[in-house]
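The values are calculated or read from the model by the stated rules, or taken from the named source; none is laboratory data. These numbers come from a predicted model, not from an experiment. In this analysis, Cβ positions are derived from the backbone assuming ideal geometry, glycine residues included, and neighbour counts consider all displayed protein chains. The accessibility values were calculated without ligands, DNA or RNA, using every heavy atom of the protein model including side chains. Shrake-Rupley method; radii C 1.70, N 1.55, O 1.52, S 1.80 Å.
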Amino acid sequence: MNMFSSCMITALVILTLPIIMSSTKLYKNKLYPYYVKTATSYAFMISMIPTMMFIYSGQETIISNWHWMTIQTMKLSMSFKLDYFSMIFVPVALFVTWSIMEFSMWYMHSDPYINRFFKYLLLFLITMMVLVTANNMFQLFIGWEGVGIMSFLLIGWWYGRTDANTAALQAVLYNRIGDVGFIMTMAWFLLNLNTWDLQQIFITTNDNFNLPLLGLLLAATGKSAQFSLHPWLPSAMEGPTPVSALLHSSTMVVAGVFLLIRFHPLMEHNQTIQTLTLCLGAITTLFTAICALTQNDIKKIVAFSTSSQLGLMMVTIGINQPYLAFLHICTHAFFKAMLFMCSGSIIHSLNDEQDIRKMGGLFKVLPFTTTSLIIGSLALTGMPFLTGFYSKDLIIESANTSNTNAWALLITLVATSLTAAYSTRIMFFALLGQPRFSPMILINENNPLLINSIKRLLIGSVFAGYIISHSITPTTIPQMTMPHYLKMTALAVTILGFILALELNLTTQGLKFNYPSNYFKFSSLLGYYPTIMHRLTPKTSLTISQKSASMLLDSIWLENILPKSISYFQMKSSTLISNQKGLIKLYFLSFMLTMILSLLILNYHE
Amino acid sequence: MLKIIIPTIMLIPLTWMSKPNMIWINTTTYGLLISLISLSYLNQPNDNTLNSSLMFFSDSLSAPLLALTTWLLPLMLMASQHHLSKEPLTRKKLYISMLILLQLFLIMTFTASELIFFYILFEATLIPTLIIITRWGNQTERLNAGLYFLFYTLMGSLPLLVALLYIHNFMGSLNFLMIQYWIQPLPNSWSNIFLWLACMMAFMVKMPLYGLHLWLPKAHVEAPIAGSMVLAAVLLKLGGYGMMRITTLLNPLTNFMAYPFMMLSLWGMIMTSSICLRQTDLKSLIAYSSVSHMALVIVAVLIQTPWSYMGATALMIAHGLTSSMLFCLANSNYERIHSRTMILARGLQTLLPLMAAWWLLASLTNLALPPTINLIGELFVVMSSFSWSNITIILMGINIIITALYSLYMLITTQRGKYSHHIKNIKPSFTRENALMTLHLLPLLLLSLNPKIILGPIY
């Protein structure tokens, strides 16, 4: 018997058990978070079996089981695609989620609705699994929308806070703009290829895939927070830190990139879309790296760095290396989730203080968190032989040796160097130097839930890249030979970024704070993007809907043209035509006149 | 069909002879039983129709609407209990009788096989609805609303009568089952254009088409809860049903006559959704969202492809259940806050967590979350309009975005945020209300498992 599909289905079914459990009494139990965590870890272990088998034999499977409906010539059935991408990503996502769930047992322990929080996390994980393993676009869309809605619920977890609600709505809005692209692509495929099944889409030849691929690019832009639809990601930091670690760093936000990777068979021959993707990714990675430079909120910095890394993944897709982009998704999940968990640990220890200017000297009080944060940052910058190196270095190398748009590649390099700069800034302000937080706080990080979860990801951040990249051979072969100065570029710019940032921090520390320059304002105000787009657009559209749609059209024109004018004309014409005016005095007067006349005539008739 | 109609008629004596404390429970259970009978019509073994008699038939287009109608009566009764608790017994009985009468007319409308019969019943549904709105509405504005409701729909449908007489004259029959075989293509002439308009306007007003929709928000806002529910869930669908039935008569004129109405619907769908963004009145918001959803149905019916018909049918059923549920939720708020203004009801999640879950699910189905049948309906409509013209995806896309925005705006304003002090001592949600929401949601969820029973005749 082949264990391949059965194990995978078992792993997926195990995840649904705690959801079913939530309708029983066990849900009231204090142990419910523990059940959820354990279910996730079991699912991870079971999913490792087919992954091992896949690594060993390279077999890919499509499970097609429940026939949902057939609409004329279109068959829609539940079907799972267990190929390279899903087989590798599922265990990675489960592993990261397992650690994050353990972390949230510590982080959210005082929340009265912790059970519901875990249920939401698990529901999110299930929708993510649906998204990753879907074999047709409809199922993909279920997962796609599912993660969006779960992100809405989880960002708005603290629903009493206005900011959280706004951020949640903002996330849905930007994601919905992307969804329009997705729906358009679905419509196009239905119309031209008459199928939503991935393998059928890929074997069909059509000359012009520009329109559906543009739709997919729009979808990816929305979901993966690429430039122009990016502001929701930093705003989403209003949610609890475990949510940021799970949704907004490692799983949900990479869904857009994942979608493009899934559809790369259509994309690899389409130069137009590739160039667009490349430029979009490059702009995103530079812009968000610049924004990250001057933020003071630790979570915002990490969020912008996530956005920047997502831009890097887009760049990788743009230079036609989807497998490298996928590798970066997997490695990025480990250290970025860990970075968020470390910042969560710091924030929780400092009584919900997120400002890095009020931290400092944490290496003494939080040694473990400090270690992990530094390793995570180094992995993020692509320090050799940490996890990030295995994907990031390859990406920069293949970018350097490819012959596409040099500007895009150059700004990617600049962004790489800035990655080191803002990582230095976190370390410098939060961990080193003198403490600037309140001395009355009792800081204790010795909780096994915290230590174990971070430790697991720490090991992942050190070794996962090595393990993944050595067990899986990238199928699109990156450039193997290059001059040594190109080989060293990635490392050189990173080290340059480190040194520059460190020197700048050290030299400017004692100096008087000048009136900020325009460059500083551009960066700290996020490129004026939210100021313009979040003020002007809603104001104009809401004014239009109020003034023209609601008042002018509905309350004035439509009212006046039909009902009001008809009743007006009826009134006018009836008053005009009828000679009854209600003038009682006159009527009686006329009566009197006639009476008198008749009296006169009758009496004097002789 | 008599096995539904006669029990429905017998509901009236049941109401009047029940003991005072049993009127609600008796009618509700009995209504539920009737709705179980109607479920059997969902099984359409033949490709064509189930003919019950010379007068009545049902096919896969009318069966889902029939089931929706019968399903809604017990729900309306459940929803109205609190609203009528202060009324004297006779009036309660009268109210229930009106709802039953409305259901009777609706059942017969959906199953009538003759166009004139259909027309008479179509008009007859106005009477109980008018009485419900103007007698049991909450404010004096209700009289105005009733006036708008009556005159808009009557004015729209009177030309239809003339058109039907004319069609009967030259075709010899108005039987749905026969005319689809006898029909000749209409030649293109001015008189036939007016024939097209006369036939379609009645249903366009009922849907309502943007521009002729003013009666709907007024009627919805002023009607008591059962009135709003039945208006949103079933009466609007009469328009869609009628359009889908009568377009077979009007080919090939629809091909070019559809353009202005398509444009108006596409434009109106965005306009009404953006009105939703600025609504402060909860019921009015839901009413405008109905207009926007129904515009999609009009577009789909006018496109006249198999996919668009499937989309229109699915969307009608889905929207019927969703908007009815939203009205119930709005009413449960109204019974506690005594105001329809959304800002007065903020932060309810803290106080009524289960109700917040219903709100969430209702909003999510309203914004067409996959894999609900709302999504199937909207997706099919979007697909068919995309194939009709690629540019419509822009308008559809804008509408999709705005729909999500106002649904979640409604959710966030009423449920999230800090609660205000005047709602501290509100009543908890009753089992009756929770059961009501469940009974709305269950069909929605179950239908997503097997949507093909509501995809209409062309499936």
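One table, with the values for the structure above:
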item: Environment charge at A:Met129 (Cβ cut-off 15 Å; Lys +1, Arg +1, Asp -1, Glu -1); result: 0
item: Between 0 and 90°, nearest 10: helix A:84-107 axis offset from chain A longest Cα axis; result: 80
item: Fraction of alpha-carbon pairs over 18 Å apart in the range A:91-174 - percent; result: 51
item: Charged-residue dipole, Cβ positions (Lys, Arg, Asp, Glu), the range B:266-458 about Cα centre, Debye nearest 20; result: 580
item: Cross-link reach list, lysines versus A:Lys572, counting only Cα pairs under 19 Å and skipping chain neighbours closer than eight places; result: A:Lys564, A:Lys581
item: Solvent exposure of the range B:266-458 as accessible area per residue, Å², 1.4 Å probe; result: 27
item: Sum of -39500 (n - 2.57) over DSSP H runs of 4+, divided by residues of the protein assembly as shown (222 nm, nearest 500); result: -23000 deg cm²/dmol
item: Label-point separation, B:Arg91 to A:Tyr27 (7 Å along Cα→Cβ), nm; result: 4.0
item: Cα-based equivalent ellipsoid of the protein assembly as shown: semi-axis lengths in Å, sorted from largest, via gyration tensor; result: 59, 32, 29
item: Between B and A, accessible area buried - total, square angstrom, nearest 100, 1.4 angstrom probe; result: 4600
item: In the range A:493-578, trypsin sites (Lys or Arg not before Pro) in a DSSP loop with at most 10 other beta-carbon atoms within 10 Å; result: A:Lys512, A:Arg535
item: R0 of 35 Å, Cβ-Cβ distance B:His168-B:Thr305: FRET efficiency to nearest 0.05; result: 0.75
item: Projected area, mean over directions - the range B:244-359, Cα convex hull, nm²; result: 8.2
item: Under 10 Å, Cβ to Cβ, from B:Tyr95 - net charge with Lys/Arg +1 and Asp/Glu -1; result: +3
item: In range of the label at B:Asn51: residues from the range B:166-187 whose backbone nitrogen is under 20 Å from the point 7 Å along Cα→Cβ; result: B:168, B:171-184
item: Ranking by accessible area, most exposed first, for A:Met74, A:Met52 with a 1.4 Å probe; result: A:Met52, A:Met74
item: Cut-off 13 Å, label 7 Å out along Cα→Cβ of A:Leu432, residues of the range A:477-504 by amide N; result: A:498-504
item: For the range A:1-512: relative contact order, % (alpha-carbon pairs under 8 angstrom, 6 or more apart); result: 13
item: Net charge dipole size for chain A [Lys, Arg +1 and Asp, Glu -1 on Cβ; Debye, nearest 20]; result: 1120
item: On Cα atoms only, tilt of A:489-508 relative to the major axis of chain A in degrees; result: 70
item: Net charge dipole size for the protein assembly as shown [Lys, Arg +1 and Asp, Glu -1 on Cβ; Debye, nearest 20]; result: 2400
item: Global form of the range A:1-512, assessed from the alpha-carbon gyration tensor, a/c cut-off 1.5; result: oblate
item: Nearest-0.05 FRET efficiency for A:Ser567 and A:Tyr587, computed from C-beta distance (R0 35 Å); result: 0.80
item: Cβ neighbours within 10 Å from other chains - mean over B:265-278; result: 4
item: Heavy atoms of A:Tyr42 accessible to a 1.4 Å probe, total area in Å² rounded to 10; result: 120
item: Nearby lysines by direct alpha-carbon distance to A:Lys75 (threshold 22 angstrom, same-chain neighbours under 8 apart not counted); result: B:Lys452
item: Cα pair distances in chain B, grouped into 10 Å bins until the bin that holds the longest one, percent each; result: 4, 22, 33, 27, 11, 3, 0
item: A:Trp407-B:Leu445 pseudo-label distance in nm [points 7 Å out on the Cα-to-Cβ vector]; result: 5.4
item: Most positive-pole-ward Cα, A:Gln226, A:Leu246, A:Leu191, against dipole of the range A:1-512 from beta carbon charges; result: A:Leu246
item: Chain B: relative contact order in percent, alpha carbon pairs under 8 Å with at least 6 residues between; result: 16
item: Degrees between helix A:584-603 axis and first principal axis of chain A (Cα, 0 to 90, nearest 10); result: 10
item: Percent carbon-and-sulfur accessible area, the protein assembly as shown, ignoring ligands, DNA and RNA, probe 1.4 Å; result: 68
item: Gyration tensor (Cα) of the range B:266-458, equivalent ellipsoid semi-axes in angstrom; result: 31, 18, 11
item: At least 30 Å² accessible surface lost relative to isolated chain, residues of the range A:175-224 (1.4 Å probe); result: A:Arg176, A:Val180, A:Ile183, A:Met184, A:Ala187, A:Leu190, A:Leu191, A:Trp196
item: Area of B:Val221 that stays accessible when all protein chains are in place (1.4 Å probe, Å², to 10); result: 20
item: Accessible-area value, A:Ile203, 1.4 Å probe, nucleic acids and ligands omitted, Å²; result: 140
item: Cross-link reach list, lysines versus B:Lys424, counting only Cα pairs under 27 Å and skipping chain neighbours closer than eight places; result: A:Lys28, B:Lys86, B:Lys283
